[in-house]
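The values are calculated or read from the model by the stated rules, or taken from the named source; none is laboratory data. Quick caveat, the model's predicted, so the values are computed rather than measured. Glycine gets a Cβ as well: all are built from the backbone with ideal geometry, and neighbour counts include every protein chain shown. To get the accessible areas, we keep the full protein, side chains included, count just its heavy atoms, and leave off ligands, DNA and RNA. Shrake-Rupley method; radii C 1.70, N 1.55, O 1.52, S 1.80 Å.
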Amino acid sequence: MPLVPTASILADARAAGTGAAAFNVIHLETAEALVAAADQTGRPLILQISENCVRYHGSLLPITRATLALAEAAGTEVSVHLDHITDPELIRQGVAAGVGSVMIDASTLPYTQNVATTARLTAWCHDREAFVEAELGEVGGKDGVHAPGVRTDPGEALEFVAATGVDALAVAVGSSHAMRERTAKLDLELIGRLREKLPVPLVLHGSSGVPDEELRAAIAAGMTKINISTHLVSVFTRGVRKVLEAEPALIDSRKYVAPARDAVRSEAARLLQILGGEGPERETTPGEAP
């Protein structure tokens, strides 16, 4: 199937009141697993390549071209998106390579600088028909959930969208990046007010720490794009560890990477169904094989 624009996946999900799954690529094996999960379920999928992923691989083009090739060969709708990009050069390289959407992350800058930087890069992307996501508020890093005082204000968010021209907005509503336990409680009332106020799809970052029922509630309240990375990374790592603990003499990496890839496919397929309003399937907990 030809590569699908992220914009169309989000538009369809928003109209249907379902969640658009956006899962992060770490390496080729996870990309393969995620596309296989999309094909298995028939659900659309956004494959995300972060700036951290680019740094791990040493450059943007090899992992991006491989991910684009997998997306184009998928039997269902798959798009490729650049996630949390702070370096404008990576945006230019990605769009030139064929990526249809980018997240411009200037959220750590003061508000006026965030607006100016995001508006400039959004105009550049729109001139090349690339869809743009940005972030307002503090979603939180690897040291815990942000304080309520820095959650996204609906009025400021509306001003930000108008001033920058972005097509989607990541908002701070109670989740945090890199959570290893699925215990986050979201501000559903705030999500509802943001959905009512903003003309663009809302994006939930840090969704790895959000349990299934809370994800369903967030989508019902108005969230559209649901980003998940750490949870699926942990599934992959548990799969590798399980095989090596059982067979410590293994030296062929394919013997332990393939089962880990299969584990990610299985859990990603389950999550695709959850976000698409299907299920309920049993939730995978930390330390448990899916």
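Could you put 245, 129, 51 in order of accessible surface area, largest first, with the 1.4 Å probe and the full protein assembly present?
Details: 245 130, 129 165, 51 20 Å².
Of 245, 129, 51, the descending order of accessible area is 129, 245, 51.
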Rg and Dmax of the range 86-141 over Cα atoms: what are they, in angstrom?
11.2, 32
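Efficiency by 1/(1 + (r/R0)^6): what FRET value for residue 220 and residue 162, r their Cβ-Cβ distance, R0 = 25 Å, to the nearest 0.05?
0.40
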Along the charge dipole of the chain, which of 33, 223, 208 sits closest to the positive end, that is, farthest toward it, with unit charges on the beta carbon of Lys, Arg, Asp and Glu (+1, +1, -1, -1)?
33
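Over the range 5-57, average the accessible area per residue using a 1.4 Å probe and give it in Å², no decimals.
Numbers: 1880 Å² over 53 residues.
Value for the range 5-57: 36 Å² per residue.
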Apply the Karplus curve 6.51 cos²θ - 1.76 cosθ + 1.60, θ = phi - 60°, to the phi angles in the range 49-55 and return the couplings in whole Hz, x for Gly and Pro.
10, 8, 4, 5, 5, 4, 4
State log₁₀ I(q)/I(0) for the range 46-88 at q = 0.24 Å⁻¹ as given by the Debye formula over alpha-carbon point scatterers of equal weight, solvent excluded.
-0.80
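Could you put 197, 225, 242 in order of accessible surface area, largest first, with the 1.4 Å probe and the full protein assembly present? Before the final figure, lay out each step's value.
Working: 197 100, 225 0, 242 130 Å².
Sorted by accessible area, descending: 242, 197, 225.
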Tell me the Kirkwood hydrodynamic radius of the range 1-123 in angstroms, computed as one over the mean inverse distance between distinct C-alpha pairs.
14.8
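Is there a quick way to get the dipole size of the chain? I mean about its Cα centre, with the Cβ of Lys and Arg at +1 and of Asp and Glu at -1; what is the value in debye to the nearest 20? Before the final figure, lay out the partial values.
Working: 26 positive and 37 negative charges, 65 e Å.
Rounded to the nearest 20 debye, it is 320 debye.
Of the accessible area of the chain, with the probe set at 1.4 angstrom, what percent is carbon plus sulfur? Let's see the in-between values first.
Working: 6450 of 12240 Å².
That fraction is 53 percent.
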Förster-model FRET efficiency, 45 Å R0, residue 111 and residue 240, C-beta, rounded to 0.05
0.60
Between residue 59 and residue 126, what length comes free when the chain is fully extended (0.36 nm per residue of separation minus the Cα-Cα distance, one decimal in nm)?
21.7 nm
Skip the ligands, DNA and RNA, and give the accessible area per residue of the range 61-136 with a 1.4 Å probe, whole Å².
40
Need one number: the % of Cα-Cα pairs in the chain sitting beyond the 25 Å mark.
43
